[in-house]
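Notes follow once the structure below has been shown.
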Amino acid sequence: MPKKKFLIACLCGSLTYTICSAQQSLVLKDVIAMAQKSSPSYYRAQSRALNSLYAYRYYRSGQLPQLVLDFNNRSSPFGETSQVLQPDGKYAYRRAYTANTFARLGLQQIVPQTGGMFALRTDLARADQFSPSNIQYFSTPFSISYNQPSFMYNPYKWDRKISPLLYEESRRQYIEDLERVALDASDYFFRALSAQTQEKILLLNVENTDTLYKISKGRFDLGKIAENELLQIELSLLNARNSLEQASLDKEIAYQDLKRFLNMPKDTKIRVGLPDLTPSFEVPLDRAVSEAGSNRQQVLEFRRRRLQAEQDVAQARGNNGYQFNLNATLGRSKTDSTLAGVYNGGATQQNFSVGMSIPVMDWGRARNRVRQAKANRDLQEIDIQQAERSFEQEIYLQTQLFNIQKKLLASAAKADTIAQLRYEITKQRYLIGKISITDLNLAQTEKDQNSQNYINALRSYWNAYYTVRRLTLYDFEKNEKIKYEFEEK
């Protein structure tokens, strides 16, 4: 091949590749996959899931032993005036030059069963006096303590019941959020497909009507049709062109909405295509209800709301004015002028204290608080029962709708084929003068309407398909639970 022809061939091939690669063809499966990886809705779902994960980890870490280091230093190297008690009982003001340093290392552990706290501690304090010079150490090498603030209400017990539910809710909610992304992606996809199909229909109508206008103009010149019929065809051509302009604008708007939803650059050239295969299966109603009850976040939400209502009642009973505090400490301590000496021997140090507070007269304040909490619990139960019925009803209706949509889609596909065939036959009969332009326009209108009806039936079918998936979190096509794992940042 001559060099010039070779370069031209390469250039043409490169140009063809550039044009093809500039336009991205999208099908429903691709749109959903992209939406579940890069759409703003996906990132919102991911952020909510991570927020719940970190909240649960925060709760779990609070159940583990906490190692705490406390340190404090207070010094007055330039002197500080303070009151000093004299042997005769009088006070005198003296100038003191001191420094006090304190350090404590403690290991704390919550006891969820009782709401108390165990603590192991070691303390060391040093007191420096600069004038006259003196150093004194005080240490508690080891001490164990237990503090019980109240036996009436234990918030840790309720946290152990509710926090795991909240976390499991978030895991299921993440799956539901991604299935909602799939449903939204399907809706945006079919909006674009419907607008694209409408433009294609009108473009074909303009071409057909333009051809008919040219043929009719020749027939009019030969005196075979009346001027009124020619004007009617010309008017149809003008209307078709105007409708095409509007359809092109609607298509561009639908494309932009789809690209924005998928987080694609706005200058990306796209085109959507019909789904390759339409799944054909029935969804058993009892199976749908069973899977929803096992998989949905809302089922856990009902359980958690009941627990929280019971928690409010328990808290109202616990905060009834009665208080009981218990604190016990056992350890050893010693004072010495040297650091080594302060850890040699020492005296046993123990402390036990009990505090109680009993309301003698509160005019029914505590009793009415409990009654209010119970009334709120009963109201919550009514709301939950209503939500449970709505939950089951929605699953029932959407399952029935999906099972019907398969039949409606088959009917719409058949009607579209018949309408296309009828239009072609009618057009040929018009060309040989067997029927009027009115019959041809009617056939064209029916053709266009049935083409759009088929796209709308496809859209309804896939929306019902992803709605059932979202409501049950179960893939009935593959007979498996739907699972998604989110990536921790």
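The values are calculated or read from the model by the stated rules, or taken from the named source; none is laboratory data. The shown structure was predicted, so the numbers you read here are calculated from the model rather than taken from an experiment. Cβ atoms come from the backbone with ideal geometry, glycine included; neighbour counts cover every protein chain shown.
Only residues that are among the aliphatic types (A, V, I, L, M), without any contact (Cβ under 8 Å) to a residue 12 or more places away in the chain and under 30 Å from A185 (Cβ atoms) were counted in segment 227-263, giving 1.
Only one of the numbered conditions (1) modelled with pLDDT under 85; (2) closer than 16 Å to D448 by Cα is not met by S216, and that is (2). Taking the stated definitions as given, is R191 buried (at least 18 other Cβ atoms within 10 Å of the Cβ) and under 33 Å from the mean Cα position of the chain (by Cα)? Considered against the rule, which asks whether it is buried (at least 18 other Cβ atoms within 10 Å of the Cβ) and under 33 Å from the mean Cα position of the chain (by Cα), R191 comes out as yes. A residue that is farther than 30 Å from I144 by Cα, of a type in the set (A, V, I, L, M), surrounded by 13 or more Cβ atoms within 10 Å (Cβ to Cβ) and within 28 Å of the chain's Cα centre (by Cα) occurs nowhere in segment 356-367. Could you list all residues from segment 106-130 that are surrounded by 16 or more Cβ atoms within 10 Å (Cβ to Cβ) and small (G, A, S)? If the condition is that a residue be surrounded by 16 or more Cβ atoms within 10 Å (Cβ to Cβ) and small (G, A, S), then G106, G115, G116, A119, A125 are the ones that fit. Picking from residues in segment 460-489 that are of a type in the set (D, E, K, R) and in a loop (DSSP other than H, G, I, E, B), the one that is surrounded by the most Cβ atoms within 10 Å (Cβ to Cβ) is E477. For segment 133-146, a residue qualifies if it is touching a Ser or Thr at 6+ places or on another chain (Cβ under 9 Å) and of a type outside the set (V, I, T), and the qualifying residues are N134, Q136, Y137, F138, S139, P141, F142, S143, S145, Y146.
Against the criterion of being crowded, with 17+ Cβ neighbours inside 10 Å, within 30 Å of R219 (Cβ to Cβ) and not small (G, A, S), T426 qualifies.
Going by what's in this entry, would L204 be described as surrounded by fewer than 19 Cβ atoms within 10 Å (Cβ to Cβ) and not acidic (D, E)? Here the answer is yes, as L204 does meet what is asked.
I384 falls short on exactly one of the conditions (1) among the hydrophobic types (A, V, I, L, M, F, W, C); (2) assigned to a helix (DSSP H, G or I); (3) farther than 28 Å from S294 by Cβ, and that condition is (3). E446 satisfies every condition listed in (1) under 34 Å from the mean Cα position of the chain (by Cα); (2) crowded, with 16+ Cβ neighbours inside 10 Å except (1). The helices (runs of 4 or more DSSP H) found wholly in segment 216-326 include none carrying at least 3 residues that are on the phi > 0 side of the Ramachandran plot and not aliphatic (A, V, I, L, M).
Checked against the criterion of being at pLDDT below 75 and either closer than 30 Å to K161 by Cβ or of a type in the set (G, A, S) (or both), segment 22-40 contains one or more residues that satisfy it. Please enumerate the residues belonging to segment 292-344 that are among the acidic types (D, E) and modelled with pLDDT of 85 or more. Within segment 292-344, E301, E310, D312 qualify. Quick check on segment 147-165: of everything there that is over 16 Å from A309 (Cα atoms) and among the polar types (S, T, N, Q), which residue is modelled with the highest pLDDT? Among those residues, the one meeting the criterion is N147. The C-beta contact set for segment 443-459 (first residue assigned to a helix (DSSP H, G or I), second residue surrounded by fewer than 17 Cβ atoms within 10 Å (Cβ to Cβ) and small (G, A, S), distance under 7 angstrom, 6+ apart or interchain) comprises Y454/A413.
Every listed requirement among (1) of a type in the set (A, V, I, L, M, F, W, C); (2) over 30 Å from D159 (Cα atoms); (3) at pLDDT 75 or above is met by A92 save one, (3). Looking at segment 164-176, can you tell me whether even one residue there is exposed (fewer than 14 other Cβ atoms within 10 Å of the Cβ) and either in contact with a Leu (Cβ under 8 Å, 6 or more places away or on another chain) or not acidic (D, E) (or both)? No, because not a single residue in segment 164-176 is exposed (fewer than 14 other Cβ atoms within 10 Å of the Cβ) and either in contact with a Leu (Cβ under 8 Å, 6 or more places away or on another chain) or not acidic (D, E) (or both). Here R287, R260, R296 are screened, and the one residue that is surrounded by 16 or more Cβ atoms within 10 Å (Cβ to Cβ) and not polar (S, T, N, Q) is R296.
Keeping to segment 429-443, report how many residues are loosely packed, with under 12 Cβ neighbours inside 10 Å and not β-branched (V, I, T). Reasoning before the result, please.
First pass over segment 429-443, keeping only residues loosely packed, with under 12 Cβ neighbours inside 10 Å: 432-434, 438.
Applying the additional criterion that residues be not β-branched (V, I, T) yields 433-434.
Within segment 429-443, residues that are loosely packed, with under 12 Cβ neighbours inside 10 Å and not β-branched (V, I, T) number 2.
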